[in-house]
1. Can ARG9 be described as in contact (Cβ under 8 Å) with a residue 24 or more places away in the chain, open to solvent by 30 Å² or more (accessible area, probe 1.4 Å), in contact with a helix residue (DSSP H, G or I) (Cβ under 9 Å, 6 or more places away or on another chain) and of a type in the set (Lys, Arg)?
2. Are any residues in region 246-279 aliphatic (A, V, I, L, M), in a helix (DSSP H, G or I), within 16 Å of the chain's Cα centre (by Cα) and under 23 Å from GLY100 (Cβ atoms), and if so, which ones?
3. Please state which one of ALA181, ALA185 is small (Gly, Ala, Ser), open to solvent by 10 Å² or more (accessible area, probe 1.4 Å) and out of contact with any Pro (no Cβ under 8 Å at 6 or more places or on another chain).
4. Could you list, in sequence order, the residues of region 238-259 that are closer than 18 Å to GLN136 by Cα and open to solvent by 10 Å² or more (accessible area, probe 1.4 Å)?
5. If ALA185 satisfies every condition in (1) closer than 25 Å to ASP244 by Cα; (2) not in a helix (DSSP H, G or I) but one, which is the exception?
6. State whether one or more residues within region 86-95 are of a type in the set (Ser, Thr, Tyr), under 25 Å from VAL272 (Cα atoms) and in a helix (DSSP H, G or I).
7. Got a number for residues in region 206-236 being in a helix (DSSP H, G or I), in contact with a helix residue (DSSP H, G or I) (Cβ under 8 Å, 6 or more places away or on another chain) and either open to solvent by 40 Å² or more (accessible area, probe 1.4 Å) or under 15 Å from LEU174 (Cβ atoms) (or both)?
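The values are calculated or read from the model by the stated rules, or taken from the named source; none is laboratory data. In this text, all values refer to a predicted model and were calculated from it rather than measured experimentally. Here the Cβ positions follow ideal geometry from the backbone for every residue, glycine too, while neighbour counts run over all protein chains shown. Heavy atoms of the whole protein, side chains included, go into the accessibility calculation; ligands, DNA and RNA do not. Shrake-Rupley method; radii C 1.70, N 1.55, O 1.52, S 1.80 Å.
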Amino acid sequence: MTDISLIERYRGALLGLACGDAIGCAVEFYPRGRFTPVTGMIGGGKFRLSPGEWTDDTSMAICLAASLVDCQGHDPYDQMNRYSNWFSTGKPGPKSRPVGVGKTVMKALFKFRQDGNPYAGDNNPRSAGNGALMRQAPVVLAYYPDLDEIQKFTRLTTLTTHAAEVCHLTGAQLSEAIFKALSGAKKLDIEAITPEWQGLSTTPSELIIGSGYAPESLKAAVWSFLSTESFSDAILTAANLGDDADTTAAICGQIAGAFYGHKSIPQKWLDVLFQKNEIMELADALYDFSQNKA
């Protein structure tokens, strides 16, 4: 993978997130094995989206990426204000309403609107959903190659909506996985990030659960990446786990996109991806920010 440039990996991480979201949303909430396997970007699903349209995962990732670029770094108030505006208008998403907003995020936004504290995440262990993991990549892209800075701001950007400790643990693991993928590491290096991932590439699919619980969601996404040999196979494997399919595939897309680069994404997917050019421009802007930091 040494022939893949860093800018291609940046673009892959963000476009991969969006593609995973757009493909997985077709079977979100459907139990595994109870739907015709997804083979491409077909749209539909609970939200009746057109092919290439995406849900809250990509909307919030765009909000976070734009905030990091426009504020030239971490500004939690600006991030939450952008999330709040998205919750009111649906933009930058494809509809005039927020598509697929989770309960934990919604609770944090209501709290932020009431008291103005941008660190509004609930620390109840029962609120340990994957709503911060789904938007993780922009933080890694902004602060690469400083892993300490990446982990610091991963925690702070997570705290805005998710304060359960397991969300921070999984956030740190995902950030390191994206970091290693950007660095051109081998899959074995990514598998070695945590003992929980040891042997994951050969784990039977029956033991993988694509739920909304952060540890299960991350494990399912990483398994989909490790057990396949291409970007498209990784995304389709993640989506076909069903349940919280859009987020499983979006998390997988961040890692796989950074690992394989944006040129590995099927062109027929990119041709219909909603706001493809805007997403690529954000990736380029994050690249510029990371290269020009003092």
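1. On the way: in contact (Cβ under 8 Å) with a residue 24 or more places away in the chain: yes; open to solvent by 30 Å² or more (accessible area, probe 1.4 Å): no; in contact with a helix residue (DSSP H, G or I) (Cβ under 9 Å, 6 or more places away or on another chain): yes; of a type in the set (Lys, Arg): yes.
No: the conditions fail for ARG9.
2. At the first step, the residues of region 246-279 found to be aliphatic (A, V, I, L, M) are 249-251, 255-256, 258, 265, 270, 272-273, 279.
So of that shortlist, the ones also in a helix (DSSP H, G or I) come out as 249-251, 255-256, 258, 270, 272, 279.
Narrowing further to those that are within 16 Å of the chain's Cα centre (by Cα): 249-251, 255-256, 258, 279.
Matches in region 246-279: ALA249, ALA250, ILE251, ILE255, ALA256, ILE279.
3. Values: ALA181 fails: open to solvent by 10 Å² or more (accessible area, probe 1.4 Å).
After ruling out the rest, the residue left standing is ALA185.
4. Our first condition is that a residue be closer than 18 Å to GLN136 by Cα; within region 238-259, this holds for 238, 244-259.
Result: ASP244, PHE259.
5. With respect to (1) closer than 25 Å to ASP244 by Cα; (2) not in a helix (DSSP H, G or I), ALA185 is out only on (1).
6. Narrowing region 86-95 to residues of a type in the set (Ser, Thr, Tyr): 88-89.
Then drop every residue that is not under 25 Å from VAL272 (Cα atoms), which leaves 89.
Right, trim to in a helix (DSSP H, G or I) and you get 89.
The answer is yes; a qualifying residue exists.
7. Within region 206-236, residues that are in a helix (DSSP H, G or I), in contact with a helix residue (DSSP H, G or I) (Cβ under 8 Å, 6 or more places away or on another chain) and either open to solvent by 40 Å² or more (accessible area, probe 1.4 Å) or under 15 Å from LEU174 (Cβ atoms) (or both) number 13.
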